[in-house]
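Worksheet: one structure, shown below.
No value in this document is a laboratory result; all are computed from the given coordinates. Here the structure is a predicted model, which means the values were calculated and not measured. Because the Cβ atoms are built from the backbone with ideal geometry, glycine has one as well, and the counts that use them run over all protein chains shown.
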Amino acid sequence: MSESALLQQLSTYTHLVVSWIGDDGYPVQTPANFHIDGENLRIRRTGLVLPTDRTVNIIASHIRPQPGYGYDQRRYLSVWGTLAPEADGFIVNVQRHWGWDEEITPFPEYVERSNPQAKHYLDELSRERGVEIKPRLSAFWTFLLATRLPFLTATLVSILLGIAVAGYDGQFNLWFAFVTFVAGAAIHIGLNVANDVFDGLSGADEANFRPTQYSGGSRVIQRGIVPLSRMVAISATGYLVGSALGIYLVIETGSWELLALGLAGVFLSVFYTAPPLRLVHRGLGELTTALGFGPIMVLGAYAVQTGELAWEPFVASIPVAILIALILYVNEIPDRPGDAAVGKRTLPVRWSREAVTQAFLIAALAAFAVIVGGVIGGALPLPTLIALLAVPLVFQVYSGIQKFYNSPYELMATMGKNVQLHLVTGLLLFAGYLIAVAV
Amino acid sequence: MSWIPAPVTELLDKALVSELTVINYKGEPTTHPLIPLWDGELIYMTSAVLFSRKLEFIKQNPRVAVAITDPVACDSLPGRCSIRGDARIIEDDPHTTWEQVLPLWRAKEPAIDLFVSKRFAFPLFFERSIIEITPRKVTWWEDGRPESEPRAASTEEVSS
């Protein structure tokens, strides 16, 4: 901040406090009146004699009390310098300054920017005591955050849809359905955690100071809650469990198509962020996600039930593929600065605001056009048109992106709505198949 | 019963924000806005490890001062004060020890319960240390006018 900007900001405060180190070694403080005169900060004479032979610190702070709550509008400016006497006070020779205004740097961002200081302090405390002092969360919250468990709805929707299409074709095995879901969830957990591991190693998450509950990773590594090595172990366990169950299903069904789909799914999920491919860094994140959570997972669930592949589940998978890719796509919008900083060239990094916004609308509407086209073409049963009830959500998300493109925290509600768009559409498609089976 | 004059204890009771001045590694003052919590004898503040430079400074030099100067943050009390004292950091377990002063904190900022219930969202914000300040000397401006001569009292005067 330039000195004129500093003075401009200081002029918004009502009062300030001058402090210096007294001769007894204690800090001395006095409130002081001040005014900004041209390019100078002037302090009026105070009842306590202000020193001119040492550094003073001047702080201006502001809050707005909110009865029954506490306060808001937190901001402060702290200035170091020396005082030069003049007729009725002092001119401040500003040497340096520091401050925070939650209107400019929202509290969550301020916290993220301070992670290194927290780590430094806890490391020092650990060194002093000879035992590791680290931040703690309950096992429940740690697991939920580290694995980003709520995002498993993506797996749930795809597998339910694949099973529903198989059911429509007269095939259903409850045990296989259960194993399919556990295998898919395990791979999904492996993927989520691997994503954090590789984004942690590349520095993408560390460079992102504006994470939200939908974007910027789980933050458990950056916050020192789960060490990188444990995240690697969790990810590997997810992949091992998922792969073992997948092999079991291949053996039970004898479906080589299922083996091919499983291998493709694991390959895409690992190399989504893992070097050397790092597909998401090449602008292929959306395509990879669409393939993984769309055709691969829906066809995989279908193949487990029927032992073969078919066009109908492929068509049914396209809308959820597009909508899951759009979750990633919208979630990448607030991550743009951090991603760009480490060369993670996602589509929102590559494209203009207008292009990103319009591409969302076109892609989301295309998902519903596929449903209509699928019904007309006979690939989807008529009741799946019930999924069109989710169309209004498209426009709510579109409007939110337009309004809050550059405001990560305000965009959070839109990101949540976008997750709903995928979930609701997927579940309505599932419901459409159930209706079709029933009638 | 505290030796601190009533006009100052009233400010300590009411203030939603104060200015804590500590001494940095270069021997200069550095000031941070913090909520002052007052139990009738000692002043308490808490600091997240996220914003822990002040804690490092206090560990190196425990001499501090606390100013209460914003009438808006003091329920419109006109007075102003500054309290010099000695600080110590209490952080046996940064995860839980600070909760000792939660009742005092809650009294001034009821919303803290809401934030504590969502501590999973800001885990490092709730790894905290207590700054306990023993007052040694107070100066206060009853009329709140900085240009007037402040009154002063100290523990030495009381004990003598």
Long-range neighbours under 9 Å by Cβ, at least six apart or interchain, first residue touching a residue at least 40 places away in the same chain (Cβ under 8 Å) within region B:104-115, second of a type in the set (Ser, Thr, Tyr) and assigned to a loop (DSSP other than H, G, I, E, B): B:109/A:69
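Table: residues versus (1) more than 10 Å from chain B (Cβ to nearest Cβ); (2) in a strand (DSSP E or B); (3) charged (D, E, K, R).
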{"site": "A:94", "(1), (2), (3)": "yes, yes, no"}
{"site": "A:98", "(1), (2), (3)": "no, yes, no"}
{"site": "A:116", "(1), (2), (3)": "no, no, no"}
{"site": "A:119", "(1), (2), (3)": "no, no, yes"}
{"site": "A:128", "(1), (2), (3)": "no, no, yes"}
{"site": "A:140", "(1), (2), (3)": "no, no, no"}
Residue satisfying all of: in region A:43-63; in contact (Cβ under 8 Å) with a residue 40 or more places away in the chain and not in a strand (DSSP E or B); nearest to the chain's Cα centre (by Cα) among these: A:55
Only one of B:126, B:122 is within 7 Å of chain A (Cβ to nearest Cβ), within 15 Å of residue B:49 (Cα to Cα) and out of contact with any Ser or Thr (no Cβ under 9 Å at 6 or more places or on another chain), namely B:122
If only one of B:139, B:155 is buried (at least 23 other Cβ atoms within 10 Å of the Cβ), more than 7 Å from every other protein chain (Cβ to nearest Cβ) and on the phi < 0 side of the Ramachandran plot, which one is it? B:139
Has region B:56-63 got any residue that is touching a Cys at 6+ places or on another chain (Cβ under 6 Å) and either crowded, with 16+ Cβ neighbours inside 10 Å or in contact (Cβ under 8 Å) with a residue 60 or more places away in the chain (or both)? no
Can you list the helices (runs of 4 or more DSSP H) lying wholly within region A:302-401 that have 2 or more residues being small (Gly, Ala, Ser), closer than 23 Å to residue A:159 by Cα and over 22 Å from the mean Cα position of the chain (by Cα)? A:311-331, A:353-377
Need the failing condition index for residue B:8 against (1) buried (at least 19 other Cβ atoms within 10 Å of the Cβ); (2) more than 11 Å from the chain's Cα centre (by Cα); (3) more than 9 Å from chain A (Cβ to nearest Cβ); (4) not in a helix (DSSP H, G or I), just the number. (4)
Do any residues in region A:356-376 that are over 18 Å from residue A:396 (Cβ atoms) have Cβ atoms under 6 Å from those of residues that are among the hydrophobic types (A, V, I, L, M, F, W, C) and not in a helix (DSSP H, G or I), where the two are at least six apart or on different chains, and which pairs are they? A:374/A:380
